[in-house]
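Undergrad: Right, I'll just put the structure down here and ask away after.
The values are calculated or read from the model by the stated rules, or taken from the named source; none is laboratory data. Nothing here was measured: the structure is a model prediction, and the numbers come from that model. FYI the Cβ positions are ideal-geometry reconstructions off the backbone, even for glycines, and counts take in every protein chain you see.
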Amino acid sequence: MAQTLPSVCPLDCPDTCSMTVTVEDDHIVNVRGSRVNPLTRGAVCQKVTRYPEWVHGPSRLQTPLRRVGQKGEGRFEAISWEAALDEIYGRFTAIRQDYGSQAITPLNYSGPHGLLAVGSMDLRFFYKLGASRLARRPLCGGIKSEALVGTYGAVPLMRPEHVAHAQLIIVWGVNVTVSQLHLMHIIRTAQKQGAKLIVVDPRRTQVARHADLHVALKPGTDGVLALALAAELERINGLDHEFIADHVLGAEAYLEQARSRSLEASADICGLTPADIRQMAELYKTISPAVICPGNGPERNQNGGSSLQAIFALPALGGKFGVLGGGLLQGASSAFPKTLPRLQGDAFIDPQTRTLNIVTLGRDLLNPDLDPPIKGVFIYNHNPVIVHPDQNTMKRALSREDLFTVVCDVVMTDSAAYADVVLPACSHFEYADLYPAYGQHFLQRAEPVIPPVGESLPNTEIFRRLAARFGFTEPEFQASDAELIDDAVDGDDIRLQGIAPSQLPTDEVLLMTAGGEDAILYQTTFPATPSGKIELESSYLKQAYNHPLPTFRPVDSDYPLSLISPASDKRTSSTFGDLPYSDAIWLDMHPDDATARQLEDGMWVRMWNELGEVHLPLRVTDEVRPGVVCSEKGLWFRTSDNGQTVSALAPAHTADLSEGACYNDTRVEVDKWEQ
Ligand SMILES: Nc1nc2c(c(=O)[nH]1)N[C@H]1C(S)=C(S)[C@@H](COP(=O)(O)OP(=O)(O)OC[C@H]3O[C@@H](n4cnc5c(=O)[nH]c(N)nc54)[C@H](O)[C@@H]3O)O[C@H]1N2
Ligand SMILES: Nc1nc2c(c(=O)[nH]1)N[C@H]1C(S)=C(S)[C@@H](COP(=O)(O)OP(=O)(O)OC[C@H]3O[C@@H](n4cnc5c(=O)[nH]c(N)nc54)[C@H](O)[C@@H]3O)O[C@H]1N2
Ligand code: SF4
Ligand SMILES: [Mo]
C-alpha cells in the first residue's frame, strides 16, 4: 500500500525544499514538493523527480565491493561488510605504521547537506585517527563566505522572502531559475509591485530575460565593476555619508581604490560600455529598498575574493540597509545555532596535524615529497574526478597503484571506479538527519522513509563501525544518530522552543532568524566584525590573507576564450549524472566567435588548453557574450569520448581569498573537430 511521508531535499542547493515522498513496498515511487516549508511552498525542481531512479536504479550500490580490475576500470567483486572493514583497518594500519597517520586523508565534500551525513561521526573518526585534515570550503563558497565574514562577520543579513519588498533587485552572478529556484518567484512578486531588476552575468540567463538591465560583463571582472560603481556613486552624489560615518570602517581606503581607475578603463576591463556602468549606478542611487543577491558566479576566479569584497561594499556605501527588502541577500547559514565543534569532535584534533586544500589535493596526491606523502585516501560525499579542477591530474592521482583508495557513495560514480574498496551508503531517504540551509532560515528534520537499500548503511553507521574496528572506545564513537542530532545544534537556543533537536517534528519547520520574523541588518541584526562596524578595509581579511581591500589581476593566458561551467538544471553538481538524459549537451558560443573560427551551429568542436581537450557539439547563440564559451558542470565521463570533461580544462590555481577554486579562469581555444 502506498504511503506519503515527509522528507527534506538534502542536495547542495540553497533552497532545501520540504518534500512529500510516496513509498510503496519500501520503494520511493514519487517525490513532490510539500508545503511544510513556507519558502519552498510545495514546489520542487524537475531534477528531483528522478529520485526514484537514482535510489533504486542500476547504479545504486548495494554491497561493499573490492576491486578486481585496473584502477578506473570499474570492475569489482562483492564482499561482506566485515571483509571491507578488515581490509580498510589492515591497509590504514600499515600506512600509519610506515608513514604516520597523516599519510591518510579524507577527501569529502557536501553531496548530502544534512548535518549528520555531511560531517559528524566521520570527522570524529578522522580526527581521532590523526589523518591529514582537509580544507573543503575552498572548492565552493569559501571565497564568498570569507569575503562576507571579513566585511560583515558571520551574521544573517536578511531573509530571501524580504526580497519581495525591494524596489531594485540586483541578481549578481546567480542563475536563479536553475540554482536558486524559489528566489525567482519572490523576484517576480517584487516586479509585479514595480521593482526594477538588474542582472550581472556574462550570459543571458532566464532571469536576465526578465531584467530591465542585463550587464553582461566578462567573467572575473565583477570587482572592477563594483569599484567603478562606487566611484560613480561618489561622483553623482549617491553615497550615504551619514551611514558611512556612523557604521562603516575603511570607506575612504576603499573609495581611493575605486577612484584609481577611470570609468572608461573599468568598462574596458569588464567588456562593458561606460554607459552601462553609469546607468547601473544611477538606478542604485535613486531606488530604495535596493537589494543585491550575489551568487557563486563572481567567486570562481583568482579575483573572486576581491570581487565579493567590492560587491559587498556597495549597500554600505549607498546606505541601503535598515529597511525591509534592502541590503544584501547573504549569510543564511549563520542563522542556525549549529554546534559543529561538538558534533564533529574537534576535541580529538591534534593541533599539529596539517591541513590540505581540497582544490589542490590532486597535485598533493602526486607529490612524493609531501611529508608524509599520501598513501591512503577515503572519498565520500564527493565525486572528485568529475568535479575537481585539473581533472587529468586527479585521474592520474587516483590511478596510483600504491594509493589505497576507499570510496563511499550511494551510487557507482566515476570516482568510485578508482577505488580499492567501495562502501555502499544509504541515501538520505534511508536515514534521519537535521537540515539547516544556506539560502533560507528554516530548520528542518527528516526521518527515514524507506529501510536501507541492499546492505547500504548511513555514513554515521559506517564510521561508527570503522571506529569500533579501529578500537576507538570513547563514548563519542558510540553516539546514536539521535544523540548526534542533539549534538548538532544548541538545544538551549530559544528558537528551538525547548524541543530537543532530535525530537523536532518532521512536518513542521522552525524559523531561525535571530531577530524574529524580520532579519534586517541595522534593525534586528548587526555586523559581527571585530570593530562591530561594516569593514570595507577588513581587519580579518588582512590578518588571514593580507587582503584587506579588493584588488584586480588580469588572468595570464595565451588562450583567447573564457570557459565557464555553471550549474545545470539536470544535476546538482555531479549528482544524477549516472541517469540517462534525452537532451544533448552543448558548448555555447557567441556568433562573432563562431564566425571568426568558421564554426557552425551543431558542428562538433574540440576545445583545448595546456591541461586537456574536450569534444562537444557547438550551439551558436548570443546568449553568451563574445569571448565567453559555456558548458555545464558535473557531466560524467560517459558523456565524453576521450575521458575528459570541462573540468579537465579548469586550472588548479587558487583565488585571492580562501585559496578557492578558479573554475571560471579557464581559458581555451576552440576549433572544428573531425571525428
Ligand atoms: N567544471 C566545474 N566543476 C565544478 C564547479 C564548476 O563551477 N565547474 N563547481 C563545483 C561546485 S559549486 C561544487 S559544490 C562541487 C561539488 O561536487 P561534489 O562534491 O562531487 O558534489 P555532488 O556531486 O553534489 O555530490 C557528490 C556525491 O555525494 C554522494 N552522496 C549523496 N548523499 C550521500 C550520502 O549520504 N553518503 C555518501 N557517502 N555519499 C552521498 C552523491 O551520490 C554524489 O556522488 O563541484 C564543483 N565542480
Ligand atoms: N540545478 C542546480 N542547482 C544547483 C546546483 C546544480 O549543479 N544544479 N549546484 C548548487 C551549488 S553546489 C552551487 S555552489 C550553487 C551555484 O549556483 P550559482 O550561484 O548560480 O553559480 P553558478 O551556477 O556557478 O553560476 C551562476 C551564474 O554566474 C555566471 N557567471 C560565471 N562567471 C561569472 C562571473 O565572473 N561574474 C558574474 N557576475 N557571473 C558569472 C554564470 O553564467 C551563471 O549564470 O547552485 C546550487 N544549485
Ligand atoms: S535541488 Fe534545490 S530546488 Fe530542487 S528540490 Fe532540492 S532543494 Fe529544492
Ligand atoms: Mo557549490
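Per-residue answers, yes or no, for (1) more than 19 Å from Gly439 (Cα to Cα); (2) aromatic (Phe, Trp, Tyr); (3) not assigned by TED's automatic domain parsing to the domain that holds Pro289:
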{"residue": "Ile499", "(1), (2), (3)": "yes, no, yes"}
{"residue": "Gln503", "(1), (2), (3)": "yes, no, yes"}
{"residue": "Thr506", "(1), (2), (3)": "yes, no, yes"}
{"residue": "Met512", "(1), (2), (3)": "no, no, yes"}
{"residue": "Ser538", "(1), (2), (3)": "yes, no, no"}
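Residues checked against (1) touching a Leu at 6+ places or on another chain (Cβ under 7 Å); (2) aliphatic (A, V, I, L, M); (3) more than 12 Å from Gly153 (Cβ to Cβ); (4) not in a helix (DSSP H, G or I):
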position: Gln523; (1), (2), (3), (4): no, no, yes, yes
position: Pro527; (1), (2), (3), (4): no, no, no, yes
position: Pro530; (1), (2), (3), (4): no, no, no, yes
position: Glu537; (1), (2), (3), (4): yes, no, yes, yes
position: His547; (1), (2), (3), (4): yes, no, yes, yes
position: Arg553; (1), (2), (3), (4): no, no, yes, yes
position: Asp556; (1), (2), (3), (4): no, no, yes, yes
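Undergrad: Filter the helices (runs of 4 or more DSSP H) completely within the range 304-365 down to those with at least 3 residues that are assigned by TED's automatic domain parsing to the domain that holds Thr189 and among the aliphatic types (A, V, I, L, M).
TA: Answer list for the range 304-365: 304-317.
Undergrad: Can you tell me how many residues within the range 560-569 are within 16 Å of ligand 1 (Cβ to nearest atom) and in a loop (DSSP other than H, G, I, E, B)? Break it down stepwise before answering.
TA: Here is the first cut: in the range 560-569, the residues within 16 Å of ligand 1 (Cβ to nearest atom) are 561-569.
Then keep just the ones that are in a loop (DSSP other than H, G, I, E, B); that gives 565-569.
Result for the range 560-569: 5.
Undergrad: Only one of Cys9, Cys13 is more than 30 Å from Asn392 (Cβ to Cβ) and within 16 Å of ligand 4 (Cβ to nearest atom). Can you tell me which?
TA: Cys9
Undergrad: State yes or no: is Thr572 out of contact with any helix residue (DSSP H, G or I) (no Cβ under 8 Å at 6 or more places or on another chain) and either within 30 Å of Gln497 (Cβ to Cβ) or within 16 Å of ligand 1 (Cβ to nearest atom) (or both)?
TA: No: the conditions fail for Thr572.
Undergrad: Mind telling me which of the residues Ile374, Ile349 ends up being among the aliphatic types (A, V, I, L, M) and either surrounded by 23 or more Cβ atoms within 10 Å (Cβ to Cβ) or free of Cβ contacts under 8 Å to residues at least 12 places away in the same chain (or both)?
TA: Exactly one of Ile374, Ile349 is among the aliphatic types (A, V, I, L, M) and either surrounded by 23 or more Cβ atoms within 10 Å (Cβ to Cβ) or free of Cβ contacts under 8 Å to residues at least 12 places away in the same chain (or both), namely Ile374.
Undergrad: For the structure I just gave you, tell me whether Gln444 is away from ligand 1 (no atom under 12 Å from the Cβ) and not in a strand (DSSP E or B).
TA: no
Undergrad: Do we have Ala83 as within 30 Å of Arg203 (Cβ to Cβ) and either in contact (Cβ under 8 Å) with a residue 60 or more places away in the chain or more than 16 Å from ligand 3 (Cβ to nearest atom) (or both) here?
TA: Details: within 30 Å of Arg203 (Cβ to Cβ): no; either in contact (Cβ under 8 Å) with a residue 60 or more places away in the chain or more than 16 Å from ligand 3 (Cβ to nearest atom) (or both): yes.
Considered against the rule, which asks whether it is within 30 Å of Arg203 (Cβ to Cβ) and either in contact (Cβ under 8 Å) with a residue 60 or more places away in the chain or more than 16 Å from ligand 3 (Cβ to nearest atom) (or both), Ala83 comes out as no.
Undergrad: Could you list, in sequence order, all residues of the range 159-210 that are at positive phi and touching a residue at least 40 places away in the same chain (Cβ under 8 Å)? Please lay out each step first, then the result.
TA: Residues of the range 159-210 that are at positive phi, as a first pass: 173, 194.
Correct list: Gly173 only.
Undergrad: Okay, moving on. Here's a check for you: in the range 1-34, which residue that is more than 16 Å from ligand 2 (Cβ to nearest atom), part of a loop (DSSP other than H, G, I, E, B) and in contact (Cβ under 8 Å) with a residue 12 or more places away in the chain is surrounded by the fewest Cβ atoms within 10 Å (Cβ to Cβ)?
TA: Among residues in the range 1-34 that are more than 16 Å from ligand 2 (Cβ to nearest atom), part of a loop (DSSP other than H, G, I, E, B) and in contact (Cβ under 8 Å) with a residue 12 or more places away in the chain, the one surrounded by the fewest Cβ atoms within 10 Å (Cβ to Cβ) is Met1.
Undergrad: Further question on the same structure: Do you know which of the residues in the range 404-449 that are closer than 30 Å to Gln497 by Cβ and aliphatic (A, V, I, L, M) is surrounded by the fewest Cβ atoms within 10 Å (Cβ to Cβ)?
TA: For the range 404-449, the residue satisfying everything is Ala432.
Undergrad: A further question follows. For the range 75-98, how many residues are in contact with a strand residue (DSSP E or B) (Cβ under 9 Å, 6 or more places away or on another chain) and either among the small types (Gly, Ala, Ser) or more than 17 Å from Gly471 (Cα to Cα) (or both)?
TA: Number satisfying all stated conditions: 8.
Undergrad: Ok, one more. Taking the conditions exactly as written (touching a His at 6+ places or on another chain (Cβ under 7 Å) and of a type outside the set (Val, Ile, Thr)), does Pro112 satisfy them or not?
TA: Here the answer is yes, as Pro112 does meet what is asked.
Undergrad: Provide a single number: the residues in the range 112-158 that are under 27 Å from Ile95 (Cβ atoms), among the charged types (D, E, K, R) and within 16 Å of ligand 4 (Cβ to nearest atom).
TA: 2
Undergrad: Let me ask something else. Could you check the range 159-175 and list, in sequence order, the residues that are in a helix (DSSP H, G or I), more than 19 Å from Leu283 (Cβ to Cβ) and either more than 19 Å from the chain's Cα centre (by Cα) or within 16 Å of ligand 4 (Cβ to nearest atom) (or both)?
TA: Scanning the range 159-175 gives Glu161, His162.
Undergrad: State whether the residues of the range 587-606 include one that is of a type in the set (A, V, I, L, M, F, W, C) and either closer than 23 Å to Leu139 by Cβ or not assigned by TED's automatic domain parsing to the domain that holds Val668 (or both).
TA: no
Undergrad: Can you name every residue in the range 425-441 that is in contact with a Ser or Thr (Cβ under 6 Å, 6 or more places away or on another chain), touching a residue at least 60 places away in the same chain (Cβ under 8 Å) and in a loop (DSSP other than H, G, I, E, B)?
TA: The answer is Ala437, Tyr438, His441.
Undergrad: Kindly indicate the residue of the range 122-150 that is more than 16 Å from ligand 2 (Cβ to nearest atom) and assigned to a loop (DSSP other than H, G, I, E, B) and also farthest from Gly297 (Cα to Cα) among those meeting that condition. Spell out the reasoning first.
TA: Residues of the range 122-150 that are more than 16 Å from ligand 2 (Cβ to nearest atom), as a first pass: 122-135, 149-150.
Filter again for assigned to a loop (DSSP other than H, G, I, E, B), leaving 130-132.
Details: Gly130: 35, Ala131: 33, Ser132: 30 Å.
Result: Gly130.
Undergrad: Would you tally the residues in the range 554-587 being within 23 Å of the chain's Cα centre (by Cα) and either of a type in the set (D, E, K, R) or away from ligand 2 (no atom under 16 Å from the Cβ) (or both)?
TA: So the count comes out to 4.
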